[in-house]
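The values are calculated or read from the model by the stated rules, or taken from the named source; none is laboratory data. The shown structure was predicted, so the numbers you read here are calculated from the model rather than taken from an experiment. Note that we place each Cβ from the backbone using ideal geometry, even for glycine, and neighbour counts take in every protein chain shown. Surface accessibility is based on the protein's heavy atoms, side chains included, excluding ligands, DNA and RNA. Shrake-Rupley method; radii C 1.70, N 1.55, O 1.52, S 1.80 Å.
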Amino acid sequence: MSRSLRRGVLAATVLSLSIATLSACGAGNDAQTLEVKPDNAETSVGTIKVQNANVVTQPDPKAKGPAAITATLFNSGDKDQQLTGISVDGTGQSAKLSSAKINVPAGGSVVIGGQGNPSAVLASGREAVQDGNAQPLTFTFSSTGKVTLNAFVVPAKNIFENYGPSVTPQPSTSASGKPSESASPSTSASPSESAHAGH
């Protein structure tokens, strides 16, 4: 065997061993990359997966008023399920759903919150939750039952601006000329991709 041929075989062998070694780092059931968890609230029970769960409060930390719950619900089963309630654990408060039952289609998903989507609103958000906390929520489904996870509590700012409560307190002037708080509708835009990334 010539000297150049031996060098070529040696180089090919070293290259293939390098590739095999590097590939092994990311393969298998106990690969390091499997330990990386997404930075959003999610859990699965049976055929139901709840992802990107947040409680979105008023943008002004001093403002009182409603808070909105946002989430993406997935149903990998072969039968539709209905979301029948969302409760805020430890507070005795439950969200008011936009309809008595929100359908989560078989093999499909539904987004809660944002313009054109079903909604879930806490009447007195500031009394129930505090910005920066991870708040336990329980989603109740027709077949799966209760699904509990910790949802992030965030103000309706930046990427969450369009997911906040549809009614926010606005100062107004009463007949006596003194400012008072009353609720007026705010505008909402379609959900942003960044707020519901990872599904």
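Please report the net charge: other residues with Cβ closer than 9 Å to the Cβ of Ala106, K and R +1, D and E -1. Overall, the nearby charge balance is -1. In the structure shown, the pairs Lys62/Lys146; Lys64/Lys146; Lys79/Lys146; Lys79/Lys157 are assessed against 27 Å; a Cα-Cα span above that value is assigned to Lys62/Lys146; Lys64/Lys146; Lys79/Lys157.
Peptides 151-157, 89-95 ranked from most to least packed, by the mean per-residue count of other Cβ atoms within 10 Å: 151-157, 89-95. Distances between placed amide hydrogens fall under 5 Å for Val104 paired with Gln81, Gln82, Leu83, all partners being 5 or more residues away or on another chain. Counting only protein heavy atoms and a probe of 1.4 Å, the accessible surface of segment 69-164 is 47% carbon and sulfur.
The residues of segment 76-155 expose on average 48 square angstrom of accessible surface per residue, using a 1.4 Å probe on protein heavy atoms.
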